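Note sheet for the following structure.
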Amino acid sequence: MGIISKEVMDNHSLDTCMALPLQALALKVDDRTRMKDLEERARMALREASSDTASIMKLIDTMQRLGLGDHFEQEINTILQAFSDSNLDQEDLFTTALCFRLLRQNGYQISTNVFQRFMDNSGAFKQLLSKDIEGLLSLYEASHLGACGESVLLQAMEFTKTHLRQSIPFTENGDGKHVLEAIELPRHLRMVRLEARRFIEEYSKRSDQNSYLLELAKLEYNKVQALHQSELAEVTSWWEELGLAKKLSFARDRPLECYFWTVGILPEPKYSDCRIELAKTIAILLVIDDMYDSYAPLDELVIFTEAIRRWDLSAMEQLPEYMKICYMALYNTNNEIGYKILRKHRRNAIPHLKRTWIDMMEAYLVEAKWFNEGYVPKLEEYLENGVTTAGSYMALVHLFFLIGEGVTEETIGMMDPYPKLFSSAGRILRLWDDLGTATEEQERGDVASSIDCIIREKNLSSEGEARNLIKQLVQSLWKDLGNELVAPKALPLPVIRCSLNMSRTSQVVYQHGDDNKFPSVDDCVKSLFFTPISF
């Protein structure tokens, strides 16, 4: 088991995707000129935004949902900073909740006290709010950014969900559809690039659309899609030159899916180099995962794990030939990434990167021993180990150094032991992996999943009960992630966002296997990388 499961995407579909014609890797000169004009109009709109809080916040929200936030980061931060220092006592529920959500998701401190005036003397939300569908929906979306112990937001989530469900039969103009979509998957849980595409298509049908923002969003989406295609070409070329899939019969050949994860975790266009390097680590992780999971005998895995602990080329001399190939690929790729970090950010990250791989091999060996002994662990024991085998620590530590923002001696110290932020994101990844693939992996005879663990531990009568409990656990883990958005001494915001995005992407990758009314990974890949938005 690893960050990419064996069942979420089939090779036939990948081949079909790769066979689709790629768009030009650069915008036409006319398009670039047009984008500059549209950007200036949007920038001016932000600068000249009225003093009406609702109008300003709606504009910022629209820009970010359309995938344009990066273009106007400085202007948006200037506006949000001003609002974080003011009070919202005069605003309605819709505006208060929208402002709260935008401030939280952009890293600004704001207290849940802003919602107190919408509550009665008993501490419950006022019933008269139940008629304000727009306000309820705004509060519902804001409630998902709550941290542990923020009881106001827990109440808000239950209050709004109840009344929004009741409102669906009575809503008009497609509002019921929006309410239902929000209840099924709140914005805070959606993968950023997929949501941008979905919202562009929704926004194009709205009567209140801003035509120049819509045009800019379409141009930007296609421009970023072209960037993704060039990055994917580089990853694929590296993978073919490395030759692991050709040399090792057991190795998964999934460069496209590896790259899909990186776009989910790092959606911002500026992180191009980081996506490419992360995709390399995930591709190698898959091969080693397969070796531990389904190919190598236990005695050889013990020797391989010990060689990884030593992290020295001389340690691989005792290994079988196929293990030497894996060892060399990992060793060289890790050192190359470490060199790039040193050259760009002047930090020696190799000891930290190496540690994540050693930890992962030791965790893989634990799973191999469990399988060999027929041992079903307790849920907590399983998750503690499964966070590591999912690749979450490896990916997030690599990104911490690759991004390089906010890397200080203090924040480096937060990497050992791994921060709870990484653990919570990794647990969500592991649990969604199990929800999406447990049936197939059980049929293949793999190690017990969290579903098996919880059924045995709680003596449940059905798999459905176990799945519901796991989804409740995922929801509580999102509260742990929310703690980082309000923590006074947190990790750098880009790394927090990577952790949130890893959790979002794991849901996209695995949710179809749990509930096929959600789109498959194949459909998401085609939408993101191979189908431009039409004008």
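The values are calculated or read from the model by the stated rules, or taken from the named source; none is laboratory data. These figures come from a predicted structure and were not determined experimentally. Cβ sites come from the backbone with ideal geometry, for glycine too, and all protein chains shown count toward neighbours. Surface areas here come from the heavy atoms of the whole protein model, side chains and all, with no ligands, DNA or RNA. Shrake-Rupley method; radii C 1.70, N 1.55, O 1.52, S 1.80 Å.
Which one is modelled with the lowest pLDDT, of the residues in segment 22-43 that are open to solvent by 100 Å² or more (accessible area, probe 1.4 Å) and of a type outside the set (A, V, I, L, M)?
In this case the residue turns out to be LYS28.
Sort out which residues of segment 484-535 are under 16 Å from VAL192 (Cβ atoms), β-branched (Val, Ile, Thr) and open to solvent by 20 Å² or more (accessible area, probe 1.4 Å), and write them in order of number.
VAL508
May I ask you to list the residues in segment 84-113 that are open to solvent by 10 Å² or more (accessible area, probe 1.4 Å) and under 16 Å from LEU136 (Cβ atoms)?
Scanning segment 84-113 gives GLU91, ASP92, PHE94, ARG101.
Which of the residues that make up segment 317-354 are open to solvent by less than 60 Å² (accessible area, probe 1.4 Å) and among the basic types (Lys, Arg)?
If the condition is that a residue be open to solvent by less than 60 Å² (accessible area, probe 1.4 Å) and among the basic types (Lys, Arg), then LYS324 is the only one that fits.
Is there a residue in segment 311-329 that is assigned to a helix (DSSP H, G or I), within 27 Å of the chain's Cα centre (by Cα) and either of a type in the set (Lys, Arg) or modelled with pLDDT of 95 or more (or both)?
yes
Considering only residues that are over 30 Å from SER450 (Cα atoms) and outside any helix (DSSP H, G or I), look in segment 474-498 and name the one that is modelled with the lowest pLDDT.
LYS489
If you take just the helices (runs of 4 or more DSSP H) that sit entirely in segment 358-468, which of them hold at least 3 residues that are touching a residue at least 40 places away in the same chain (Cβ under 8 Å)?
Output list reads 379-389, 392-403, 420-444, 450-458.
Within segment 205-281, which helices (runs of 4 or more DSSP H) (wholly inside it) include 1 or more residues that are in contact with a Ser or Thr (Cβ under 9 Å, 6 or more places away or on another chain) and open to solvent by less than 20 Å² (accessible area, probe 1.4 Å)?
The qualifying helices (runs of 4 or more DSSP H) are 211-242, 255-265.
Inspect all residues belonging to segment 69-78 and state whether any of them is in contact with a strand residue (DSSP E or B) (Cβ under 9 Å, 6 or more places away or on another chain), under 24 Å from LEU485 (Cα atoms) and buried (at least 17 other Cβ atoms within 10 Å of the Cβ).
No.
Filter segment 162-192 down to the residues that are under 19 Å from LYS205 (Cβ atoms), part of a helix (DSSP H, G or I) and not β-branched (Val, Ile, Thr), then identify the one that is most open to solvent (accessible area, probe 1.4 Å).
LYS177
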